[in-house]
Amino acid sequence: MHAPHVDVGLGSKRTAYSPTAKTLDFLWLELTNRCNLRCVHCYTESSPHTGDCDVLTAQDYDRLMREAYELGCRKMQFIGGEPQLNSDFQTLLVAAKTIGFEFIEVFSNLTQLKEETLCYAADNGICFATSVYSDEPEVHDAITRVKSSHARTIKNLKRLIEKGIETRSATIEINQNPAQVKRTLRFLSELGVKHVRSAEVREFGRGEDILARPARLEGLCGNCCFGKLCIAPDGTAYPCVLARQWPVGSVLDMSLAEIVTGKSLEGMRQTIFDTIWIPRLASKKPGKKPSKKIQDCPQSPQPDCHPTCPEQCEPTICPKSCVPTGPCGPETPESQPKKMKQQHKKRKKK
């Protein structure tokens, strides 16, 4: 789906990858805000006692997936809370595959994993992602604030690997020292997890207390301005899973198409681009590596290096942007900084 020409200040030719392009390339569906863990940094502040605003039904989620597919979206991720706590999780997983999504990922804490889900994922190319905070159980459990969570997560991670299911894992840097982080990444690689990486805590949800600062737009990695959308279980739409302070509509009041093509999302994407990408492009020096913040988006799939699901790549701390590139999606500012900077300079001269 391509929107008509709009001048966004980066050249005269508008593309589908412009921040104001009214497209939907990647959809996050948050199936519940409830979680059996109580992680100290959780951006949705989930716990076993949250979820009272989970109003979307299985029929609502099915409709949203069909609407997204009609809009051209072919990649999606089930998230939470813990998505597997939704009683309709398996039904929705099957529905996503039946509808025709080409890339489906479940972002789970993996403290539980039904055999039915495991077998279906193995037979249908479903991917999984999780977080492991340490190779030491006591350190991991201190962050999740639930004893035995490490043992259960690692057990189910091994089950996924044994089934040959594409899986990635991130280590969130909270209070671990660099040596601990490196050891954890090595531990995960030795388990057989092909795609591992580390990421920093962001100032969202409980992360605000850890970093002692309120949520800021600058805290986002910025890649959410390119064709992404998150739908929370109360129906609210956000440009990013982290961006709870900046809603762009509700699927209880509007269709998905109305949100995707609406002024609110268009304006928010442009604001994110202007706030995060323009300064980044202006300050980028030749040969300089991407900002660590660009890399630190563990919730979002990454491109290019993955052998079978290029949308879902994080091999051994892969220094790629969070936005799909190559055969699975658009080029991004990070993949073409010179081109965009040249366009920006031309506009300034005019």
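Can you find a residue in the stretch 78-86 that is of a type in the set (A, V, I, L, M), in contact with a Ser or Thr (Cβ under 7 Å, 6 or more places away or on another chain), in a loop (DSSP other than H, G, I, E, B) and under 22 Å from residue 172 (Cβ atoms)? So far as the stretch 78-86 goes, no, none of its residues is of a type in the set (A, V, I, L, M), in contact with a Ser or Thr (Cβ under 7 Å, 6 or more places away or on another chain), in a loop (DSSP other than H, G, I, E, B) and under 22 Å from residue 172 (Cβ atoms).
Listed here are the residues, each with its yes/no results for (1) touching a Pro at 6+ places or on another chain (Cβ under 9 Å); (2) open to solvent by less than 10 Å² (accessible area, probe 1.4 Å).
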| residue | (1), (2) |
| --- | --- |
| 131 | yes, no |
| 134 | no, yes |
| 141 | no, no |
| 151 | yes, no |
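Among the residues of the stretch 64-100, which ones are aromatic (Phe, Trp, Tyr) and more than 26 Å from residue 36 (Cα to Cα)? The one that is aromatic (Phe, Trp, Tyr) and more than 26 Å from residue 36 (Cα to Cα): 69.
Against the conditions (1) open to solvent by 60 Å² or more (accessible area, probe 1.4 Å); (2) within 30 Å of residue 261 (Cβ to Cβ); (3) of a type outside the set (Ser, Thr, Tyr), residue 178 satisfies every one except (2).
When the test is whether a residue is surrounded by fewer than 23 Cβ atoms within 10 Å (Cβ to Cβ) and outside any loop (DSSP other than H, G, I, E, B), residue 67 passes it. Among the residues of this structure, residue 98 does not count as one that is in contact with a helix residue (DSSP H, G or I) (Cβ under 8 Å, 6 or more places away or on another chain) and either farther than 21 Å from residue 242 by Cβ or assigned to a helix (DSSP H, G or I) (or both).
Residues of the stretch 123-173 that are in contact with a Gly (Cβ under 9 Å, 6 or more places away or on another chain), β-branched (Val, Ile, Thr) and part of a helix (DSSP H, G or I): 161 alone.
Considering the stretch 248-267, the residues that are of a type outside the set (Gly, Ala, Ser) and surrounded by fewer than 18 Cβ atoms within 10 Å (Cβ to Cβ) include one that is nearest to residue 61 (Cα to Cα), namely 252. Scanning the stretch 90-115 for residues that are under 17 Å from residue 59 (Cα atoms) and open to solvent by less than 10 Å² (accessible area, probe 1.4 Å) yields 92, 93, 96. What about residue 116, is it of a type in the set (D, E, K, R) and in a helix (DSSP H, G or I)? Here the answer is yes, as residue 116 does meet what is asked. Looking at the structure I just gave you, is residue 180 in a loop (DSSP other than H, G, I, E, B) and in contact (Cβ under 8 Å) with a residue 40 or more places away in the chain? For residue 180, the condition - in a loop (DSSP other than H, G, I, E, B) and in contact (Cβ under 8 Å) with a residue 40 or more places away in the chain - is not met.
Scan the stretch 183-216 for residues that are without any contact (Cβ under 8 Å) to a residue 12 or more places away in the chain, among the aliphatic types (A, V, I, L, M) and assigned to a helix (DSSP H, G or I) and jot them down. Answer for the stretch 183-216, where residues must be without any contact (Cβ under 8 Å) to a residue 12 or more places away in the chain, among the aliphatic types (A, V, I, L, M) and assigned to a helix (DSSP H, G or I): just 211.
Within the stretch 17-61, the set of residues being in a helix (DSSP H, G or I) and buried (at least 18 other Cβ atoms within 10 Å of the Cβ) comprises 61 only.
For beta carbons closer than 8 Å, sequence separation of 6+ or different chains, a first residue in the stretch 118-134 that is closer than 10 Å to residue 160 by Cβ and touching a residue at least 40 places away in the same chain (Cβ under 8 Å) and a second that is open to solvent by 10 Å² or more (accessible area, probe 1.4 Å) and part of a helix (DSSP H, G or I), the qualifying pairs are 118/159. Of the numbered criteria (1) crowded, with 16+ Cβ neighbours inside 10 Å; (2) modelled with pLDDT of 95 or more, the one residue 10 fails is (2).
The values are calculated or read from the model by the stated rules, or taken from the named source; none is laboratory data. Model, not experiment: these values are computed from the prediction. Counting neighbours? That spans all protein chains shown, and the Cβs are built from the backbone with ideal geometry, glycine included. Protein only, heavy atoms only, side chains kept; ligands, DNA and RNA dropped before computing areas. Shrake-Rupley method; radii C 1.70, N 1.55, O 1.52, S 1.80 Å.
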